[in-house]
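Here is the structure we will look at, set down as structure tokens.
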Amino acid sequence: MTAQVTGGPGTGAVPGVLPGVQVAGVSKTFRTNAGDVEALAEVDLEVPQGAFVSLVGPSGCGKSTLLRIVAGLETGSGGSVLVAGTPVDGPRKDFGMVFQQPVLLPWLTIFRNVMLPAQVARDRSPQARQRATDLLELVGLDGFQHRYPRELSGGMQQRAALVRALMSRPSLLLMDEPFGALDALTRETMNAELLRIWSETGATTLFVTHSISEAVFLSDVVVVLSGRPGRILDQVQVDLPRPRTFDVMESPEAARLTSRIRGHLHARGAVG
Amino acid sequence: MTMTRSEPVLNDAVRATPKRPSQSLLRRYPTLIVSPLIALVALGAWVAAIEVFGVEPLILPAPLDVFDELWLMLTGPELYRNLFVTVSEFGIGFALGSVAAVVVAAVLVRLPVLEKGFSPYIIAFQNFPKIAIAPMLVTWFGFGPAPKVALATVLAFFPVFVNVIVGLKSSTREQRDLMRVLQASEWQTFWILRVKVALPYIFAGLRVAAVFSLLGAITGEFISSSEGLGYMLLQRNAQLHVDGVFALLLVMATIGLAVHWILGLLNRKIIFWEDHDQAKRPAQEESV
């Protein structure tokens, strides 16, 4: 990987060397009125620092739940999660999260929205403002700082959400189906941009998606989860050369990986 | 909109505000054309009722007589003196009731146990006909403006209170998750997120509260007073001065509209990010 690393805790990371995320025996059971629902069953997962790992699986397989547990937004019913060697007991400063919806605050301009992490951290430094400006430029939103979210398209809103997640220089970037609500064309553009930004920040990235091709295009490893209760069926190593362009998806290797993942999901008859 | 970057940003053009193709004047400004027409028709029906059925002026005065009376009122001092009294009672009661409602609701939302404990009483009092305490208020506060202000305050309180409670809880799970991810304190989440999310609800409550507290001020004057629009109205009613009664009703209608209009303007200015074509309905039906 020839990533140009621009600082942050991920600096100098080489995938496969340092532990990024270690998930050990994590399970999750939701209590509902209709009885207990087992969402995750004993998941073990190792993500090397700096790697891009996708979680795919049928609807309701608990992939978002797993992501939320790693993020510290939910606690597992059992097992443990270590990020950069430290147990996760809640959201952390070195985590960045992008949700399915952009979740921009409609009363704040784009600039104020991406400055929200700095505002919460009471960081009024010019460096924070500079970082916001730089990141907005990185995602092509320069010139839109003073617009309000509703004036931007869905894709542009999600770029702003990505900038907000990157403001704290996260060593771990968690993305929960971030492009699921976008049209196919915008989604492809966003995928390419995400890869470019990921290679520049070097953050370990955990990416939940429904789309097999999106997962193959983006990832170093695609983790395939089964239907409820979610357990890991396969971890598919994607050795397609980087930097990737859409052409890579035409290659026989990409086709082989895609069909391997699809095979796992169809074997269970559980594709959402 | 021209993109400032040479790099193509597919499908990402700035979302334009939807502009409909040019429509007829009638469709675009119904209130400018249709509304005056409706007023004309109503006036015509009014006059026709008097002419055709020979309705006594004591039952239904002629529109022109009402306007004559209104003109007399508008050119004399009596109306303005009494208008000032009523509007002050209303204004003070509305402000006191609304502010108290916002403060109490904000405190209760932060203390869920207390909120639950109070809720049966709140529901009971909400559905209680609060106008019925007006005579008691006179006993407690005397014959001056105080009981009118008190009634206006009580009536303004509940619509705002209920809406603030609902509004402060109306943030989405995603928004709360975002604040958690950013490790915002409860206090930060309250000011950055919850207050802003509650504003449209607060305004919906204020609109109901304004109508109610004006009603409270005038009802208070009905019960005992020597000044105010309610007093003027009762006086004219007792003297069978029907033109005057109708003229005063027009004045009261105008106050109501003015308050509605001012609140609407503030709403649009303050909550600029909402789609005001889909105004928030008050969270709950209220009883006077």
Given a Förster distance of 56 Å, report the FRET efficiency between B:Ala146 and B:Ala48 from their Cβ-Cβ distance, rounded to the nearest 0.05. 0.75
Could you report chain A's accessible area per residue, 1.4 Å probe, as an integer in Å²? 41
Going by the alpha-carbon gyration tensor, a ≥ b ≥ c the square roots of its eigenvalues, is region A:124-180 rounded (a/c under 1.5) or, if a/c is not under 1.5, prolate (a/b greater than b/c) versus oblate? oblate
For region A:20-162, give the percent of accessible area contributed by carbon and sulfur heavy atoms, probe 1.4 Å, rounded to a whole number. 47
Connecting every pair of Cα atoms under 10 Å apart in chain B and solving the GNM, the largest mean-square fluctuation among B:Val34, B:Val85, B:Val109 falls on B:Val34
Could you tell me the largest-minus-smallest coordinate of the C-alpha atoms of region A:41-96 on each of the three principal axes, in descending order and whole angstroms? 30, 25, 19
Starting from the Cα of B:Ala132, move 7 Å in the Cα-to-Cβ direction to define the label point; list residues of region B:201-216 whose amide nitrogen is under 18 Å from there. B:216
What distance in nm lies between label points placed 7 Å from Cα along the C-beta direction at B:Arg81 and A:Ala255? 9.7
Can you give the % of DSSP beta bridges in the protein assembly as shown that are antiparallel, to the nearest 5? 55
Cross-link pairs A:Lys28/B:Lys169; A:Lys28/A:Lys93; A:Lys63/B:Lys169; A:Lys63/B:Lys269 - those with Cα-Cα distance over 31 Å: A:Lys63/B:Lys269
Quarter of Cα convex hull surface for the protein assembly as shown, i.e. mean projection, nm²: 35.0
Of A:Ala34, A:Ala121, A:Ala255, the most mobile residue in a GNM of chain A (C-alpha springs, cutoff 10 Å) is A:Ala34
What's the longest piece of chain B with no exposed chymotrypsin sites (Phe, Trp or Tyr not before Pro), counting a site as exposed if DSSP puts it in a loop and it has at most 13 other beta carbons within 10 Å? B:1-142
Give me the one-decimal nm value for the distance between modelled label points at B:Leu37 and A:Asp247, 7 Å along each residue's Cα-to-Cβ direction. 6.6
Scan around A:Asp234 for amide H atoms under 5 Å from its own, H built in the peptide plane at 1.01 Å from N, and keep only partners 5 or more places away or cross-chain. A:Val224
Along the principal axes of its C-alpha atoms, what lengths does chain B span, in descending order and rounded to whole Å? 76, 57, 32
Any idea how far apart B:Phe118 and B:Leu25 come out in nm if each label point goes 7 Å out from Cα toward Cβ? 5.4
Determine the total buried accessible area between chain A and chain B, counting protein heavy atoms only with a 1.4 Å probe; round to the nearest 100 Å². 3300
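The values are calculated or read from the model by the stated rules, or taken from the named source; none is laboratory data. Only a predicted model underlies this, so the values are computations on that prediction, with no experimental measurement involved. Heads up, the Cβs are rebuilt from the backbone with ideal geometry, glycines too, and the neighbour counts pull from every protein chain shown. Surface areas here come from the heavy atoms of the whole protein model, side chains and all, with no ligands, DNA or RNA. Shrake-Rupley method; radii C 1.70, N 1.55, O 1.52, S 1.80 Å.
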